[in-house]
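This report refers to the structure that appears directly beneath it.
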Amino acid sequence: MRLTDVQIKLVKPSTGPYKVSDGARLFLWVTPPGGKIWRWTYRHEGREKLTTFGSYPDVSLSLARERHAAARKLLATGTGLMAERKAERRRWRIPSSVLPAFGWLTGRMAIARAMWTR
């Protein structure tokens, strides 16, 4: 059965973490301090994997479902989610040949500048 926003708001923390399912292996992970985290378990290349979509209420129910649908489409193409995230990180990196060779700080400044100008 699919969750509603009212049901999520009524979820209370327990002595141990537990899951509240939304269907299609998407669930809300409720922690003892009261945190609510959207998670999805899936299988890729014969192994079970787990990904997180964010915490509730920062990530609403509808946004979690959108991210889940997008992740399922990506997985259906045969691309692993972690491979996609690593590729995204690599897009932000500046090749070492471009960085000046006179210091660690200069390289960090160039990376920060590249991130702000993008």
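Quick note: the coordinates plus some simple rules give every number you see, no bench work behind them. Being a predicted model, the structure only gives us computed values, none of them experimental. Note that each Cβ is placed from the backbone with ideal geometry, even for glycine, and that neighbours are counted across all protein chains shown.
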Worksheet item: Given 0.36 nm per residue, what is the gain on full extension from E88 to Y18 after removing their alpha carbon distance, in nm?
Response: 22.1 nm
Worksheet, complete the sentence: Ordering 30-37, 60-67, 75-82 by per-residue average of other C-beta atoms within 10 angstrom, highest first, gives 60-67, 30-37, 75-82
Worksheet entry | Potential lengthening between E48 and R25 on full extension [0.36 nm per residue; Cα-Cα distance subtracted] | 7.1 nm
Practice prompt. With only Lys, Arg, Asp and Glu charged, each at its Cβ (+1 for the first two, -1 for the last two), find how big the charge dipole of region 1-49 is about the Cα centre; round to the nearest 20 debye.
Written response: 40 debye
